[in-house]
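One structure below.
The values are calculated or read from the model by the stated rules, or taken from the named source; none is laboratory data. Keep in mind the model is a prediction, meaning the values are calculated, not measured. No Cβ is skipped: glycine too gets one built from the backbone with ideal geometry, and neighbour counts run over all protein chains shown.
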Amino acid sequence: MALEEINTKLAKVALDNCEGFPFEEFANDFIAAIEGTEFVPVGGTSDGGADGVQERGLYSSDKNDVFYQMSIEQNHRSKVKKTIDRLIEFGRKPKRLIYVTSQTIGTYDREEEH
């Protein structure tokens, strides 16, 4: 299917009506298709705040410090803060969080800086 054949209006309706765990499952599949083997889904419950992690490779000595959070929560700032706090509480040292959401974030460039 060509990209121009995708009905983005229907995709928006689907994402707007998607509940938490089904959205996380969709996002895991979507990110895996984009990132390939560098993306490792971790999510579920009792995941220490990580729904996914960026794997640097089998022979890398670097610790994983890039994490993914998938969420449908309206308040993205609160969710990002809770996620970072939980990652740290779990003993992880996040340097970057990739936040995947079905919600519209109006000034995403400013939010990235925040």
(request) Please enumerate the residues belonging to segment 66-103 that are in a strand (DSSP E or B) and among the hydroxyl-bearing types (Ser, Thr, Tyr). (result) 68, 71, 99, 101
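So that you can scan it fast, the table gives a plain yes or no per residue for (1) under 26 Å from residue 12 (Cα atoms); (2) touching an Asp or Glu at 6+ places or on another chain (Cβ under 6 Å); (3) modelled with pLDDT of 90 or more:
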residue	(1), (2), (3)
29	yes, no, yes
33	yes, no, yes
58	no, no, no
63	no, no, no
66	no, no, yes
73	yes, no, yes
83	yes, no, yes
96	no, no, yes
99	yes, no, yes
